[in-house]
1. Go through region 62-83 and give me each residue that's aromatic (F, W, Y) and more than 13 Å from V111 (Cα to Cα).
2. Would you confirm, using the coordinates I've provided, whether R115 is within 13 Å of the chain's Cα centre (by Cα) and open to solvent by 70 Å² or more (accessible area, probe 1.4 Å)?
3. For region 89-101, give me the residue count where each residue is farther than 14 Å from L54 by Cα and either in contact with a helix residue (DSSP H, G or I) (Cβ under 7 Å, 6 or more places away or on another chain) or open to solvent by 60 Å² or more (accessible area, probe 1.4 Å) (or both).
4. Any idea how many residues of region 24-44 are more than 11 Å from K7 (Cβ to Cβ) and of a type in the set (A, V, I, L, M, F, W, C)?
5. Filter region 72-86 for residues that are out of contact with any helix residue (DSSP H, G or I) (no Cβ under 6 Å at 6 or more places or on another chain), open to solvent by 10 Å² or more (accessible area, probe 1.4 Å) and in contact (Cβ under 8 Å) with a residue 24 or more places away in the chain; which is farthest from V30 (Cα to Cα)?
6. Looking at region 20-70 only, could you name the residues that are in contact (Cβ under 8 Å) with a residue 40 or more places away in the chain and among the polar types (S, T, N, Q)?
7. Could you list, in sequence order, all residues of region 100-124 that are within 17 Å of L20 (Cβ to Cβ) and either part of a strand (DSSP E or B) or at pLDDT 95 or above (or both)?
Amino acid sequence: MTALRHKLDKNLPRRVEPALRALGHDVETVVAEGLSGSSDPAVLAACNSEARVLVTLDLDIADIRAYPPGSHHGIWVLRPARQGFQNVLNLMLAGVRLAATERAEGQLWVVDEFRIRIREPREG
């Protein structure tokens, strides 16, 4: 399995990026790439062109009618009970652990403290 590449949305705590880099993860941010004011479709287009999974706290992007699984490289929506660096990082790392055995590309993952719900592309 190839390592996942992530793009962190502007709504994640800034300390998540260096923490993930310190663990050896390939991560970029919407902020560093000047996409902070961009629309969700523009951010997803950047993720697709870079083969990156978008990681966000934004529930709007979990709308599978607007962004159906398979139409993007992958989306992880983190749903911490309490926002903050450690809670968000823990959810991100839970996703990374699952991604070691489960395909994440093209899927929508909703990650909370209790489970990871996965929406896959529909078969033909």
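The values are calculated or read from the model by the stated rules, or taken from the named source; none is laboratory data. These numbers were taken from a predicted model, which means no experiment stands behind them. FYI the Cβ positions are ideal-geometry reconstructions off the backbone, even for glycines, and counts take in every protein chain you see. Note: areas computed on protein heavy atoms with side chains; ligands, DNA, RNA excluded. Shrake-Rupley method; radii C 1.70, N 1.55, O 1.52, S 1.80 Å.
1. Y67, the sole residue that qualifies.
2. no
3. The number of residues fulfilling the criteria is 5.
4. Final tally of qualifying residues: 1.
5. Once the filter is applied, the top-ranked residue is A81.
6. If the condition is that a residue be in contact (Cβ under 8 Å) with a residue 40 or more places away in the chain and among the polar types (S, T, N, Q), then T56 is the only one that fits.
7. W109, V111
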